[in-house]
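Quick notes on the structure that follows.
The values are calculated or read from the model by the stated rules, or taken from the named source; none is laboratory data. Just so it is clear, the structure is predicted and the values come from calculations on it, not from any experiment. Cβ placement follows ideal geometry from the backbone for every residue including glycine, while neighbour counts extend to all protein chains displayed.
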Amino acid sequence: MDLLPVGLEVQRALVQQNVALSNIKQTTQAQAQIATILSNAVESISASTRGTLLNTSA
């Protein structure tokens, strides 16, 4: 019985799994950075300008 092909398939599957997990991690990090950017943008609007640009007559 030749175990080499089985071992190679297991190794290939592990590499694919590691790549997938790495992609998930990168996506999560990018989403966290976007959330931080948006949060900072919202917080940077001073309280004095909030609502002054709203067209209340509409």
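Remarks
- Any hit, the range 40-55, residues being assigned to a helix (DSSP H, G or I), at pLDDT 85 or above and either of a type in the set (Ser, Thr, Tyr) or surrounded by 10 or more Cβ atoms within 10 Å (Cβ to Cβ) (or both): no
- Those residues of the range 2-14 which are part of a helix (DSSP H, G or I) and surrounded by fewer than 10 Cβ atoms within 10 Å (Cβ to Cβ), in sequence order: Leu4, Pro5
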